[in-house]
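Each remark here refers to the structure printed beneath this line.
Read the figures in this text as sums done on the coordinates, not as results from a lab. This is a predicted model, so every value here is computed, not measured. Reconstructed Cβ throughout: ideal geometry from the backbone, glycine too, with neighbour counts over all protein chains shown.
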DNA sequence: CATGAAACCTTGCCTATGCG
DNA sequence: CGCATAGGCAAGGTTTCATG
């Protein structure tokens, strides 16, 4: 039986009820039996489990030729450019920490094999309790651009050690609270490619290929799919993925509005006090005149403070917009 | 002196990131 | 990959302040 990645997903979730199952990782050597409670191994175990599951359900596949690179499974053994499946797993109580691929290999790979962009990622979000019991909290089927994002100083989320680029790592694609996320995952294949191109340029080790990378990729992609992709410039799309700056700008604007409002109210208040002062001066009410004069001085200080707030907010807006 | 609104502080939670 | 950590955000409580 041959299934697509989507059919595999549906079968796992709907027919086999994977979200209701419980598992445990056991190991024995001699007469010593242990239950593995370390999470490092769960990803590999899940991949092997899926292979066992495919076998048991009689689903055809060819296994990976290179365990370092996606995919893990070719669901169509006769055409190893279609229906490719990559399996990932991560601790659902934390963020996804798995690697997508080594950046340099990936950047070259998608020129040589553009169909790799179409790999389906089957992702398990698991939980492991103190007894080592593993349960699957979530399963997703995703394309690569749906699980990757930019980072502060790079167009794609990269693991960087001693200034050297290593792996592409995922973002959080399932956040229910966007107020807490700084960078959203990419909206399209085109934006993802734009980010890769920019990263090829920014990375010292690939910088020299940057001039030809995009053209080479587009040629290869067209040859394989017949499609002329239109890739936006990174500088034109980068801001929409930076929610942090968007929020900062909004806050600065609201601070400015508030401070301006405050400033106006204080000015009105001072005017009112001046009127009162006038009345009491006419009455020669020395005590009250002194008190009102004190009040006016106080309000003038408040006005200065408000003015400072206004300037600060305006400076922030200029900085973020400029 | 009481009141209500705004400013301020604390705490817990979550994400992003760097390192081993 | 896991883990530690920093920093941002929300909620809730508390303080401060203008005002009647």
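Taking 0.36 nm per intervening residue step and subtracting the Cα-Cα distance, what contour gain separates residue A:35 from residue A:279 on full extension? Walk me through the intermediate numbers first.
Values: separation 244, 0.36 × 244 = 87.84 nm, distance 8.74 nm.
Here the answer is 79.1 nm.
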Problem - Degrees between helix A:243-283 axis and first principal axis of chain A (Cα, 0 to 90, nearest 10) - result: 10 degrees
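Which of A:251, A:167 has the fewest other C-beta atoms within 10 Å, and how do the rest follow up to the most? Don't jump to the answer; show the numbers that get you there.
Details: A:251 14, A:167 17.
By the 10 Å Cβ count, ascending, the order reads A:251, A:167.
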Problem - For chain A, convex hull of alpha carbons as volume per residue, Å³ - result: 234 Å³
Problem - Distance in nm between pseudo-label sites at residue A:51 and residue A:295 (7 Å out along the Cβ direction from Cα) - result: 8.4 nm
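Please give the peptides A:40-49, A:266-275 ranked by average Cβ packing (other Cβ atoms within 10 Å per residue), highest first, as a rough proxy for protection.
Working: A:40-49: 15.6, A:266-275: 13.3.
Top of the packing list down: A:40-49, A:266-275.
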Problem - Residue list for the stretch A:239-273, given a label point 7 angstrom along the Cα-to-Cβ vector of residue A:319 and an amide N cut-off under 17 Å - result: A:244-257
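Over the stretch A:4-94, what relative contact order in percent results from Cα pairs under 8 Å that are six or more residues apart? Walk me through the numbers before you get to the answer.
Numbers: 81 pairs, mean separation 20.1, N = 91.
Relative contact order of the stretch A:4-94: 22 percent.
For chain A, give me the percentage of DSSP beta bridges that are antiparallel, rounded to the nearest 5 percent.
Details: 26 of 33 bridges.
Rounded to the nearest five, the antiparallel share is 80 percent.
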Exercise for the section: Extending each Cα 7 Å along its Cβ direction at residue A:240 and residue A:14, get the distance between those two points in nm, one decimal. Expected result: 3.2 nm
Practice task
Would you compute, from DSSP H runs of 4+ residues alone, the mean residue ellipticity of chain A at 222 nm, taking -39500 (n - 2.57) per run and dividing by the full residue count, rounded to the nearest 500?
Solution key: -15000 deg cm²/dmol
Handout entry: Ordering of A:13-20, A:94-101, A:54-61 by burial proxy (mean other Cβ atoms within 10 Å per residue, highest first)
Key = A:94-101, A:54-61, A:13-20
Practice task
May I ask for the angle, rounded to the nearest 10°, between helix A:189-202 and the longest principal axis of chain A, with both axes built from Cα atoms and the value confined to 0 to 90°?
Solution key: 80 degrees
Fill in the blank from the handout: Output ordering of A:203-216, A:107-120 (per-residue mean of other Cβ within 10 Å, highest first) is A:107-120, A:203-216
Completion exercise
Extension length gain for residue A:93 and residue A:81 (0.36 nm per residue less Cα distance), in nm, is 0.9 nm
Handout entry: Nearest 10 degrees, 0 to 90: helix A:286-321 Cα axis against chain A principal axis
Key = 30 degrees
Problem - FRET efficiency for residue A:250 and residue A:305, using Cβ-Cβ distance with R0 set to 25 Å, rounded to 0.05 - result: 0.65
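With an 8 Å cut-off on Cα pairs and a minimum separation of 6 or more residues, tell me the relative contact order of the stretch A:246-321 in percent.
Numbers: 49 pairs, mean separation 41.8, N = 76.
Result for the stretch A:246-321 is 55 percent.
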Handout entry: Relative contact order [Cα under 8 Å, 6+ residues apart], chain A, whole percent
Key = 12 percent
